[in-house]
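Written below as structure tokens is the structure these notes are about.
The values are calculated or read from the model by the stated rules, or taken from the named source; none is laboratory data. Bear in mind that the values here come from a model prediction, so they are computed numbers and not experimental data. Here the Cβ positions follow ideal geometry from the backbone for every residue, glycine too, while neighbour counts run over all protein chains shown.
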Amino acid sequence: MEVLHERCAGLDVHKDIVVACARVRLEATVRHAKAEFATTTRGLLALVDWLEEQHCTHVAMEATGVYWKPVWHVLEGRFELLLVNPAHARNVPGRKSDVSDAHWLADLLAHGLIRPSFVPPEPIQELRDLTRTRKQLVRQVARHTLRIQKTLEDANLKITGVVSDLLGASGRAILRALIAGESDPERLLEHTTGRLRASRERLLDGLQGMVTEHHRFMLRLHLRQIEALEAGIAQLERQIARLLRPFRSRIEQLTTIPGVSDTVAQVLVAEIGMDMTRFPTPGHLVSWAGLCPRMDESAGKPRSTPRPTRCALAQDHAGECRLGRCFLARHLPARPVPAPQDPPWAQEGRGRRRRLDPDRGLLHPARWRPLPRSRSGLLRSSRPQRRRAPAQAPHRVARLSG
């Protein structure tokens, strides 16, 4: 097998140690040098010196949680680094150890059998951390909002049925009044903005409940958590805006795409970056984002290939931006869809001139068909049941056998 890299190394990264294996080719022989280092800053600097002594040009490591990041930051700029998905570089079963894993990575790297993962530059990494942290804080706000709704239901306050946004101006005013000790529906209604769509009678019925001190304590606790999270989200928004100043023109261009808001455009830049040369074709970008099924074919037959679920773009902003449809419609070849056909008729055999199964042989799903009117017909199967012979009485069977 052709050797692409004469001097390379593989790293098996853990929380406390890093096992390194340097593969050096000397004329017709290959030498493997192995060493172990700590993951402290002093240990990683010693790893850099050891790799430079071995004259390594390329270094490969597995993406193990967040433990690879400090190693990457120390080695970046001194060697050609490759981050590998552990599922793509599995060793032979039964021969698993830290040393063998580093040895295996070095051999795969030397022969060009490693597919590197996409690692954006440091500014994009910082932006990605901010957008993902914002996503987690927004999810926590939603969780605390659900807990507030649970507390209100326990107090028999049907606020969520008359107020569309519990964290809006009217909703927060009602919550603060409840926490302050107010329980009269008339006075609670006075704290609203007066622009609620529900009628006054329905509002008064929904605001009448049995609120205890325990309910007020829970509402106060969750509302404070929400306000603290919103303050953190506001700080993240300001930091994200500061980092996106050099890319503001690109953000404005992305927002011209139908369905892409400013938030989605920020996530696009944070996840993909601005350097599109990382992806040779648009199809590579679609595959990296997990918006198309993988290729799995054996014996000339394609097998089940569900779409991967690793795409943060398509999952977290599916309701706001249909990236899957946009990318697939824009970059994948369109396939003509034939017109619907009527169910075929049987031409030969005992049941000729009879309509065949309407779900068989059609390119489109079967059309909607109304259910039978009779109740007994609802429980019957669409296929004809084979008629069974009636069971004989037990005394008759005994008489026949005697």
Any residue at all in the stretch 113-130 that's within 30 Å of His88 (Cα to Cα) and over 27 Å from the mean Cα position of the chain (by Cα)? yes
List the helices (runs of 4 or more DSSP H) inside the stretch 232-327, counting only whole elements, that have at least 2 residues being modelled with pLDDT under 85. 282-288, 312-316
Set Leu51, Leu83: member being buried (at least 16 other Cβ atoms within 10 Å of the Cβ), within 30 Å of Val264 (Cβ to Cβ) and either outside the structural domain of Leu268 (by TED's automatic domain parsing) or not aliphatic (A, V, I, L, M) (or both): Leu83
Any idea which of (1) surrounded by 16 or more Cβ atoms within 10 Å (Cβ to Cβ); (2) part of a loop (DSSP other than H, G, I, E, B) is the one Thr193 doesn't satisfy? (1)
Going through the stretch 7-35 one residue at a time, which ones are of a type in the set (Asp, Glu) and free of Cβ contacts under 8 Å to residues at least 60 places away in the same chain? Asp16, Glu27
When every residue in the stretch 71-98 that is small (Gly, Ala, Ser) and out of contact with any helix residue (DSSP H, G or I) (no Cβ under 8 Å at 6 or more places or on another chain) is compared, the one farthest from Asp12 (Cα to Cα) is Gly77
The one condition Leu26 fails out of (1) out of contact with any Cys (no Cβ under 9 Å at 6 or more places or on another chain); (2) surrounded by 15 or more Cβ atoms within 10 Å (Cβ to Cβ); (3) farther than 28 Å from Pro120 by Cα is (2)
With the requirement that a residue be part of a helix (DSSP H, G or I) and either within 41 Å of the chain's Cα centre (by Cα) or within 17 Å of Ile148 (Cα to Cα) (or both), what does the stretch 163-187 give you? Ala169, Ser170, Gly171, Arg172, Ala173, Ile174, Leu175, Arg176, Ala177, Leu178, Ile179, Ala180
